[in-house]
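See below for the structure under consideration.
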Amino acid sequence: ADQLEASCSSMEPRAAAARELLLGALEDLSPEHLKRFRHKLRDERVDGRSVPWGRLEGADTLDLAELLVHFYGPGRALDVAQKALKRADVRDVAARLEERRLQSLGPRSPAPLSVSEYRKRYREHVLRQHAKVKERDARSVKISKRFTKLLIAEEPEAERARRSDTRTFNRLFGRDEEGERRLTVALQGPAGIGKTMAARKILYDWAAGKLYHSQVDFAFFLSCRELLERPGTCSLADLILDQCPDRKAPVQQMLAHSERLLFIMDGVDEMLAPEPAEAAPCTDPHEAASGARVLGSLLSKELLPAALLLVTRRAAAPGGLQARLCSPQCAEVCGFSDKDRKKYFYKFFQDEWKAEHAYRSVKENEMLFSLCFVPAVCWIVCTVLRQQLQSGQDLWRTSKTTTSVYLLFVASVLRSAPAAHGAQRQRELRKLCRLACDGVLGGRARFSEEDLERLQLCGSKVQTQFLSKKEMPGVLETEVTYQFIDQSFQEFLAALSYLLEDEGAPRAPAGGVEALLQGDPELRGHLKLTTRFLFGLLNTERMCEIERHFGCTVSERVKQPVLKWLQGQGCPRAAPEGTAEILAPEGTEGSEEEEGEELNYPLELLYCLYETQEDAFVHQALRGLPELVLERVHFSRMDLAVLSYCVRCCPAGQALRLVSCRLAAAQEKKKKSLMKRLQGSLGGSSSPTTRKPPISPLRPLCEAMINQHCGLRSLTLSRCKLPDAVCRDLSEALREAPALAELGLFHNGLSEAGLRVLSEGLAWPQCQVQTLRVQQPGLQEALQYMVGKLLLIPALTTLDLSGCQLSGPTVTYLCTTLKCPGCRLQTLRLTSVELSEHSLQELQAVERANPRLVITHSALDVHPKPPKVFASAL
């Protein structure tokens, strides 16, 4: 109140002076000029407002002066009057008004910019601030030269990925199927896949006028990690001002049109848990609160519900976070295509010979090349190759996993040290591992100078190579903090700390490896990558490399608690009869679209096993996981590679169930060349070509199933929409799989051709399938074809057609086959199958003709009759 009173008292003398100046100028006008002045004044608009003509029309000079000062304020009233005088052709009066104004009020302060003028200034500021990005080694590079297009797959077409060009980014905030405007978009993907770089490129392209120019007036980039660690409180208005070039931004006018604001929130995974219940959500953008509360209110749309949100997160968001996002449109960042992988090498090396040499050497290592679809891995690979090229070393060809790539980078840092300083560099790196582990377990990404001094790391070489320095304004003085050059490096070094226990290394982290592994998987989401790295470091070859590079003995003891923990993650085996699928209504096929987090925790365990690349360890670990159930997983190529490796190593008796999974791995949506489009429009081509059959996404899994060491006994595919290409590969696997005895196919959208191809594989002489369960509506001809193959399926003893639609002729054909002497079938299940009276009589005749066969149907007497001797005794 005191400030407002002081402001009003200081404004009054200026208002009085402005009225006197205006009155003096207007009295110099003739009646005709005064009339023209009124008309010109009517057209003078400031921030979309002008004085109504009804108040101007009859106003005299005194009224006009009072009206102008009241409507526009002292300074702006003089500006508007001068402009109107010039337009009314009384420039001499306008000039005298300017002279008197200078004598009375002194030089004028610059007029505040309008929203449209400030928007232009803000865009220029963003272009300057974000023109360069820092790489993981702290080198600054231009974003326009370094950014390489990524594949982005949008729901519901997640199997069709598009390159991240302007058109793809513009589609993100398009309208949905109901025509509603999308307000929240989630860019998701694993660590290092390029989400943050894509988000920064979106901000940069918006400022350059390439994106959302008709939708967004102001865009702001918010790092969730930085805001969560920011001391004290702040408001959303404060956060907006922090990103503006000065403190004169028209924040109030910006917030008044929140539907034209875009907030890019990077790393929402950091928000693991909601604020305490007593902390009500923010609804006022000027309310000061903790960073977590402001961000949480933005996410849940309690704050500025009409604003656009673009959030980045790792693929599996914790359940609490998923619930806080308000109807997000999800887009999966899938990394580089093969074409863009090569482009990245050329952009990184900026030397054609070096780029080509490095690219060819990596491509020779098939596994490593496949890992390079992840931008972070690609950067590490290129960095190490650059060091080797500079030192004249041979290019390496041995890395197979992400862990091995990161370890190679750390080894290159150690090798770069002079021989005299090698031991010191090893000690410093071991201390850095300890710092990383403390931060990961404590949820800290920023470290103070005191943290580094405690471990004697200040000014060390590893500090400059692995930590970036940041200065933040504090209350009394500038606060200096450090963070790892990339979060994934902190997680890798944290995992490494668990193996560095002996010979002068810092003590093992408190609680040992159990502290990392135990606890609720949902609350351990931030430890997921660290856990993967830990498994990767358990590989015997990796352990030998650690000993060689770090000069210490690696403890083998860590393997046993890890194996024990993993075997304790097994879930109870589901009912083998597939009753859940049989009783599920047809409409539940779309259950994969239901809200809630994906049930992909078992897949994460498989990723951990894949990182080890030790067949014997994986084989032993899977003994504690007799049935693997993966539900609602949208498989990427890497997911399928991981699953296939684990299936190849699985022990005898292993079961695998895929439920409501999307098997079509995201592939780049390629544009046809002009020549091909012209040929297509003309209805032909210059030379006849035979089209190759499409590659099945399940081919790696099918190849793993036929490995002689694979112990997979049971495979169930439920609601997975199997195309014909998958059926072809699965049919080939059925012919050679050494241990597969049970196959279940439930509501997979099979075609007639697909089921026929599968029947061919089942009828192969070496097929080991003993139990076959099929539930698929329709397909009468294909079912009849499969029934005709029953005599040829060598090992089949149980056939379950529960829930199928069997026509009269199909049942007749089935009964004829079952009566044949060569039929080995022992059990036929027809639960929930609608049968005519004639079909039931035929089945009863089969029971009489083949007493060994048990037929299950509600209308049939499935209970065996008591023996005659027992009946007579009764």
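The values are calculated or read from the model by the stated rules, or taken from the named source; none is laboratory data. These numbers come from a predicted model, not from an experiment. Note that we place each Cβ from the backbone using ideal geometry, even for glycine, and neighbour counts take in every protein chain shown.
Quick check on residue 218: is it at pLDDT 90 or above, under 23 Å from residue 130 (Cα atoms), of a type outside the set (Asp, Glu) and not assigned by TED's automatic domain parsing to the domain that holds residue 528?
Details: at pLDDT 90 or above: yes; under 23 Å from residue 130 (Cα atoms): yes; of a type outside the set (Asp, Glu): yes; not assigned by TED's automatic domain parsing to the domain that holds residue 528: yes.
Against the criterion (at pLDDT 90 or above, under 23 Å from residue 130 (Cα atoms), of a type outside the set (Asp, Glu) and not assigned by TED's automatic domain parsing to the domain that holds residue 528), residue 218 qualifies.
Looking at 118, 122, just one residue is in contact with a strand residue (DSSP E or B) (Cβ under 8 Å, 6 or more places away or on another chain), among the aromatic types (Phe, Trp, Tyr) and in a helix (DSSP H, G or I), and that residue is 122. Scanning segment 126-176 for residues that are at pLDDT below 85, assigned to a loop (DSSP other than H, G, I, E, B) and within 20 Å of residue 327 (Cα to Cα) turns up 155, 156, 157, 158, 174, 176.
Residues in segment 31-44 include at least one that is at pLDDT below 80 and closer than 26 Å to residue 251 by Cβ.
On the stretch given as segment 361-376, residues that are surrounded by 22 or more Cβ atoms within 10 Å (Cβ to Cβ) and in a helix (DSSP H, G or I) total 5. Residue count for segment 177-224 under the criterion of being of a type outside the set (A, V, I, L, M, F, W, C), outside any loop (DSSP other than H, G, I, E, B) and in contact with a His (Cβ under 8 Å, 6 or more places away or on another chain): the result is 2.
Applying a threshold of 7 Å to beta carbon distances and a minimum spacing of six or more residues, or different chains, the list of pairs starting in segment 296-317 at a residue that is at pLDDT 90 or above and ending at one that is small (Gly, Ala, Ser) and part of a loop (DSSP other than H, G, I, E, B) reads 312/267.
Just a yes or no: is a residue in segment 392-408 touching a strand residue (DSSP E or B) at 6+ places or on another chain (Cβ under 9 Å), crowded, with 22+ Cβ neighbours inside 10 Å and either more than 30 Å from residue 255 (Cβ to Cβ) or at pLDDT below 85 (or both)?
no
Taking residues in segment 546-572 that are under 30 Å from residue 428 (Cβ atoms) and modelled with pLDDT of 80 or more, and partners anywhere that are of a type in the set (Val, Ile, Thr) and surrounded by 15 or more Cβ atoms within 10 Å (Cβ to Cβ), the pairs with Cβ atoms closer than 6 Å and at least 6 places apart or on different chains are 546/554; 547/554; 558/513; 561/513.
Please indicate, with yes or no, whether at least one residue in segment 636-647 is among the acidic types (Asp, Glu) and within 23 Å of residue 529 (Cβ to Cβ).
Taking segment 636-647 first, the residues among the acidic types (Asp, Glu) are 639.
In the following step, the residues that additionally are within 23 Å of residue 529 (Cβ to Cβ) were identified as 639.
For segment 636-647, residues among the acidic types (Asp, Glu) and within 23 Å of residue 529 (Cβ to Cβ): present.
Just to be sure before I move on: is residue 726 touching a Leu at 6+ places or on another chain (Cβ under 9 Å), assigned by TED's automatic domain parsing to the domain that holds residue 659 and not in a helix (DSSP H, G or I) in the structure I sent? Reasoning before the result, please.
On the way: touching a Leu at 6+ places or on another chain (Cβ under 9 Å): yes; assigned by TED's automatic domain parsing to the domain that holds residue 659: yes; not in a helix (DSSP H, G or I): no.
Answer is no for this residue.
Filtered by the rule that a residue be closer than 19 Å to residue 15 by Cβ and at pLDDT below 85, segment 45-68 gives 46, 49, 51, 55. Scan segment 435-447 and give yes if some residue there is modelled with pLDDT under 80 and surrounded by fewer than 12 Cβ atoms within 10 Å (Cβ to Cβ), otherwise no. No, that holds for no residue. Just to be sure I understand the filter: pairs with C-beta atoms under 6 Å, separated by 6 or more residues or on different chains, first member in segment 207-226 and closer than 19 Å to residue 256 by Cα, second member hydrophobic (A, V, I, L, M, F, W, C) and part of a strand (DSSP E or B). Which pairs pass? Pairs that qualify, where the first residue is closer than 19 Å to residue 256 by Cα and the partner is hydrophobic (A, V, I, L, M, F, W, C) and part of a strand (DSSP E or B), are 216/262; 218/261; 219/262; 220/263.
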